[in-house]
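**Student:** My structure is below; once you've seen it, I'll send some questions.
No lab work stands behind these numbers, since they all come straight from the coordinates. In this text, all values refer to a predicted model and were calculated from it rather than measured experimentally. Here the Cβ positions follow ideal geometry from the backbone for every residue, glycine too, while neighbour counts run over all protein chains shown.
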Amino acid sequence: MPVIQKSAVTSQTEPGRTSLDAVIVGAGFAGIYMLHRLRQLGLAARVLEAGDGVGGTWYWNRYPGARCDVLSMEYSYQFSPELQQEWAWSERYATQPEILRYANHVTDRFDLRRDIQFNTRVRAAVFDDASGRWAITTERGESITATYCVMATGCLSSTNRPQFKGLENFSGPIYHTGDWPHAGVDFSGQRVGIIGTGSSAIQSIPLIAEQAAHLHVFQRTASYSVPAQNGPLDLDSVKSIKADYAAYRARNWQQPFGVDFRTNPESALSVAVEERTREYEARWHYGSLGFLGAYGDLLVSGEANETAAEFIRDKIRSIVKDPALAEKLVPRQVVGCKRLCLDSGYYATFNRPNVTLVDVSTTPIEEITPHGLRVQDTEYTFDRLIFATGFDAMTGALEKIDIRGKGGLALKTKWAAGPRTYLGLATAGFPNLFTITGPGSPSVLSNMLPSIEQHVNWVSECIDYVHRRGVRTIEATEDAESQWVEHVNAVAHTTLYPNCNSWYLGANIPGKPRIFMPYLGVPPYVVKCKEVAARGYEGFALTV
Ligand code: FAD
Ligand code: N01
């Protein structure tokens, strides 16, 4: 059995090196942990990152109010018990600056920075059939070859910027929540327009409204949101979690979304109305996306779902003073089929005299004008425009790179009718290429940090396995991939998820194929990944 050459370790920091064991694209939580694991295997690996710092999501999304919506104690790495014990979160839901500090702390604590090349956007990754290696080229014109290529490019890293007519004519600054200026933006005394009412808008609107002279909110679809009930972390609960962090993680990992949603398997329809209302009320006051864990059938039965939806609608009606305005803010779709939001004072913000809601659901934005935007015959004027219009999710960042597999097959061509992967980890025709939290894995429908760790652990164990056996390439088979794609779809269609125009389905991007991309169900997914590995990478073809 071949052993890994020591020279790989010693030469990995050589300047100008162009031949590596592995290239990792992206220095978010996935990329930096991947580097750590590959280094532990003794491989020469380098991370190429477009930004000038680590953190990915938390590097780019610096808009006011940005924070996680999974409890800080859960939204963190668990690979190092020491790191887990020493890091102290300050709030129930950590802010973007605190999460970014954490990403930087991890990078330095594990001495990762020296193998991360910043300001380096990868343009292409091409598999060479003859050598069995990947050639990665960057926008700076560098070329690096590597045996393995790991795409840690993020599911929500490619911003969606709708091409409104007249956009180039707007006279003021335009921002996107997913690419926010690092110096911050002072909206004092400014008239501001914001397009979109998803999670990013819901977090930022209350804070921007406090600063701005006037805020116009352009809403195409009203969103459901539950109060975050954020605040300083309760030190007693931190102490009790840290007393046995591993058990806390293990318990949460058994939940359908891999997160402590206290999921109750009962049907919402099996209990009396009063009891159900008490349960929703308790969860509303607790403040968590676990609101949807109240009953086991909320995301399966339309009738059950409607009970939760109506509870939130009534809450909106009780918060927003103007009944006509409240009705505009009341969502009509199934609750949860677009990601549920978590807010701090979102609906109440519409009681402010300096905030105007403009419903663009039936009369779309027609054009951006030099001083605002036009909807039918009305022009709304403002000095600054914010796009809170989300992302080309899950496939966007991958398809922006010219990825070519065996025989020059382009990933974009292969995925023209929707992404096809085996386990969200690999795709047939693209040997030795791995995707972290790719489409077809629980990914965005899970607590992403543990999911990232699970993927990175799986990929590094796989690479260790093939490398040690002198396997030249490992590649998902067409059969295994087809069966998995079918299964992901079948599971999604037993739920209400495919019922609305969500980004999970690609519906937010004009022309994008409508395929439900994430896999629903963390526990069965983890079992499947373990089985595949235990059976010598079943569903993969290994060549020597
Ligand atoms: P990212 O953090 O997106 O990192 C990918 C990196 O790849 C980026 O730095 C990008 O610049 C780089 N990259 C991409 N393409 C290229 C290229 N061609 N060349 C070079 N570099 C490239 N998830 C949760 O579970 N809980 C939460 O509370 C939560 N909150 C979120 C809040 C916001 C505002 C957003 C946008 C997402 C949130 N998410 C949350 C999802 C979040 O994306 C993940 O939790 C996690 O941070 C993703 O890490 P990653 O490393 O996979 O990807
Ligand atoms: O993006 P979104 P986001 N004209 O796609 C609207 C994570 N996240 O950045 O719904 C008018 O949700 C669009 O309208 P519609 C989380 O996973 C987490 O807010 O398509 N409007 C929608 O209102 C989240 O789900 C947190 O009809 C247009 C909005 O823009 C994901 O990231 C915080 C339009 C986009 O909402 C994305 O969230 C932030 C157009 N042409 C993000 N195009 C946490 O709380 C789009 N819209 C942890």
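**Student:** Suppose only helical runs count, i.e. DSSP H with n ≥ 4. What mean residue ellipticity at 222 nm does that imply for the chain under -39500 (n - 2.57) per run, divided by all residues and rounded to the nearest 500 deg cm²/dmol?
**Tutor:** Values: 17 runs with 172 residues, N = 544.
For the chain, the value works out to -9500 deg cm²/dmol.
**Student:** Which of the chymotrypsin sites (Phe, Trp or Tyr not before Pro) found in segment 245-340 are in a DSSP loop and have at most 15 neighbouring Cβ atoms, other than their own, within 10 Å?
**Tutor:** Values: sites: Y245, Y248, W253, F257, F261, Y280, W284, Y286, F291, Y295, F311; in loops: F257, F261, Y295.
Counting only loop positions with at most 15 other Cβ atoms within 10 Å, none of the chymotrypsin sites (Phe, Trp or Tyr not before Pro) in segment 245-340 qualifies.
**Student:** Further question: Taking +1 at the Cβ of each Lys and Arg and -1 at the Cβ of each Asp and Glu, which of G141, F391, L215 sits farthest along the dipole of the chain towards its positive end, judged by Cα position relative to the Cα centre?
**Tutor:** G141
**Student:** Something else about it: Once every Cα of segment 161-243 carries one equal point scatterer and solvent is ignored, give the base-10 log of I(q)/I(0) from the Debye formula at q = 0.11, 0.17, 0.24 Å⁻¹, two decimals.
**Tutor:** -0.45, -0.85, -1.35
**Student:** Tell me which of P227, S446, F291 sits at the most positive position along the dipole axis of the chain, charges placed on C-beta atoms (Lys, Arg +1; Asp, Glu -1).
**Tutor:** Result: S446.
**Student:** Right, another one. Ignoring the sites themselves, what is the longest stretch of the chain with no trypsin sites (Lys or Arg not before Pro) in a DSSP loop and at most 15 other beta-carbon atoms within 10 Å? Intermediate results must be reported in sequence, preceding the final value.
**Tutor:** Values: sites that count: K6, R17, R121, R140, K165, R262, K321, R332, R469, R472, R514, R535.
Of all site-free stretches, the longest is 333-468.
**Student:** Treating the beta-carbon of each Lys and Arg as +1 and of each Asp and Glu as -1, no other charges, what is the dipole magnitude of the chain about its Cα centre, to the nearest 20 debye?
**Tutor:** On the way: 53 positive and 57 negative charges, 172 e Å.
That gives a dipole near 820 debye.
**Student:** How big is segment 180-330 on each of its three principal axes, counting only the C-alpha atoms and giving the largest first in Å?
**Tutor:** If we take the Cα atoms of segment 180-330, the spans are 49, 40, 23 Å.
**Student:** If you fit an axis through the alpha-carbon atoms of helix 302-319 and take the longest principal axis of the Cα set of the chain, what angle between them do you get, 0 to 90°, nearest 10?
**Tutor:** 50 degrees
**Student:** Given segment 305-347, what whole percent of its Cα pairs are spread farther than 11 Å? Spell out each step's value before the answer.
**Tutor:** Values: 600 of 903 pairs.
Here the long-distance tail beyond 11 Å is 66 percent of all Cα pairs in segment 305-347.
**Student:** Okay, moving on. Would you mind working out the magnitude of the charge dipole of segment 297-391 relative to its Cα centre, with +1 at each Lys and Arg C-beta and -1 at each Asp and Glu C-beta, to the nearest 20 Debye?
**Tutor:** Details: 11 positive and 14 negative charges, 60 e Å.
In debye, rounded to 20, segment 297-391 gives about 280.
**Student:** Using Cα pairs under 8 angstrom and six or more residues apart, how large is the relative contact order of the chain, in percent?
**Tutor:** 19 percent
**Student:** Picking from Y346, A410, A326, whose Cα lies most toward the positive end of the charge dipole for the chain (charges on Cβ: Lys, Arg +1; Asp, Glu -1)?
**Tutor:** A410
**Student:** Would you grab the residues whose amide H sits under 5 Å from the one on Y224? Only those 5+ places off in sequence or on another chain, please, with H modelled 1.01 Å from N.
**Tutor:** Long-range HN contacts for Y224: C341.
**Student:** How big is segment 465-544 by the Kirkwood estimate over distinct Cα pairs, in Å? All intermediate terms of the calculation are to be shown ahead of the outcome.
**Tutor:** Numbers: mean 1/r = 0.0679 Å⁻¹.
Hydrodynamic radius (Kirkwood, Cα pairs) of segment 465-544 is 14.7 Å.
**Student:** Can you give the angle from 0 to 90° between the axis of helix 29-40 and the longest principal axis of the chain, with both taken from C-alpha atoms, to the nearest 10?
**Tutor:** 20 degrees
**Student:** Here's another thing I want to ask about it. Compute, for segment 159-304, the length of the dipole vector about the Cα centre, with Cβ point charges of +1 (Lys, Arg) and -1 (Asp, Glu) only. Units Debye, rounded to 20.
**Tutor:** Values: 12 positive and 15 negative charges, 77 e Å.
It comes to approximately 360 debye.
**Student:** I need the Debye-formula profile for segment 237-319: one equal scatterer per C-alpha, no solvent, reported as log10 I(q)/I(0) at q = 0.13, 0.21 1/Å, two decimals.
**Tutor:** -0.48, -0.97
**Student:** Given the Cα-Cα distance of S188 and K239 and 0.36 nm per residue of separation, how much length would full extension add, in nm? Present the calculation step by step, with values, prior to reporting the outcome.
**Tutor:** Working: separation 51, 0.36 × 51 = 18.36 nm, distance 4.07 nm.
Contour length minus the Cα-Cα distance gives 14.3 nm.
**Student:** Hey, what do the phi angles of segment 363-378 turn into as Karplus ³J(HN,Hα) couplings, whole Hz, using 6.51/-1.76/1.60 and θ = phi - 60°, x for Gly and Pro?
**Tutor:** Calculated HN-Hα couplings, in order: 10, x, 4, 8, 7, 8, 10, x, 10, x, 8, 10, 10, 6, 8, 9 Hz.
**Student:** While we're on this one: What is the set of long-range amide H partners of R472 at a cut-off below 5 Å, with H atoms built 1.01 Å from backbone N?
**Tutor:** Residues meeting the amide H criterion: T543, V544.
**Student:** Hey, rough spin-label estimate for A541 and R101, points 7 angstrom out along Cα→Cβ, what's it come to in nanometres?
**Tutor:** So the label points at A541 and R101 sit 5.2 nm apart.
**Student:** While we're on this one: Amide H of Y422: which non-local residues (sequence gap of 5 or more, or other chain) have their own amide H closer than 5 Å, using H built in the peptide plane?
**Tutor:** Excluding prolines and chain starts, which carry no amide H, the hits are T427, A428.
**Student:** At a 4.7 angstrom Cβ threshold, list every cysteine in the chain that has nobody to pair with, or say none.
**Tutor:** C68, C149, C155, C341, C462, C529
**Student:** Sorted from largest to smallest, which semi-axis lengths in Å does the alpha carbon gyration tensor of the chain give for its equivalent ellipsoid, taking the root of 5 times each eigenvalue? Mind showing how you got there, number by number?
**Tutor:** Working: eigenvalues 302, 148, 106 Å².
Those come to 39, 27, 23 Å.
**Student:** Spelling out what I want: for every residue of segment 178-191, take phi, set θ = phi - 60°, compute 6.51 cos²θ - 1.76 cosθ + 1.60 (Karplus), and round to whole Hz; glycine and proline get x.
**Tutor:** x, 8, 7, x, 5, 7, x, 10, 9, 9, 4, x, 9, 9
**Student:** Now for a different question. Greater than 23 Å separation of Cα atoms is the criterion. Which listed pairs, K315/K512; K165/K512; K328/K512; K242/K338; K414/K512; K400/K528, meet it? Mind dumping the intermediate values first?
**Tutor:** On the way: K315/K512 35 Å; K165/K512 20 Å; K328/K512 28 Å; K242/K338 33 Å; K414/K512 14 Å; K400/K528 30 Å.
Cα-Cα > 23 Å for K315/K512; K328/K512; K242/K338; K400/K528; rest within.
**Student:** Can you tell me the 0 to 90 degree angle between the C-alpha axis of helix 448-468 and the longest principal axis of the chain, rounded to 10?
**Tutor:** 10 degrees
**Student:** Let me ask you something else. Please report the equivalent ellipsoid semi-axes of segment 374-521, computed as sqrt(5 x eigenvalue) of the Cα gyration tensor, largest first, in whole Å.
**Tutor:** Working from the Cα gyration tensor, I get semi-axes of 33, 17, 16 Å.
**Student:** Starting from the Cα-Cα distance between Y465 and T356, subtract it from 0.36 nm times their residue separation and give me the gain in nm to one decimal. If you can, show how the numbers build up before the last one.
**Tutor:** Numbers: separation 109, 0.36 × 109 = 39.24 nm, distance 5.85 nm.
Between Y465 and T356, full extension yields 33.4 nm more.
**Student:** Could you tell me the distance between the Cα centroids of segment 507-542 and segment 116-166, to the nearest Å?
**Tutor:** Value for the Cα centre distance between the two parts: 22 Å.
**Student:** Any chance you could check the Cα centroid distance between segment 35-85 and segment 388-418 for me, in angstrom?
**Tutor:** 23 Å
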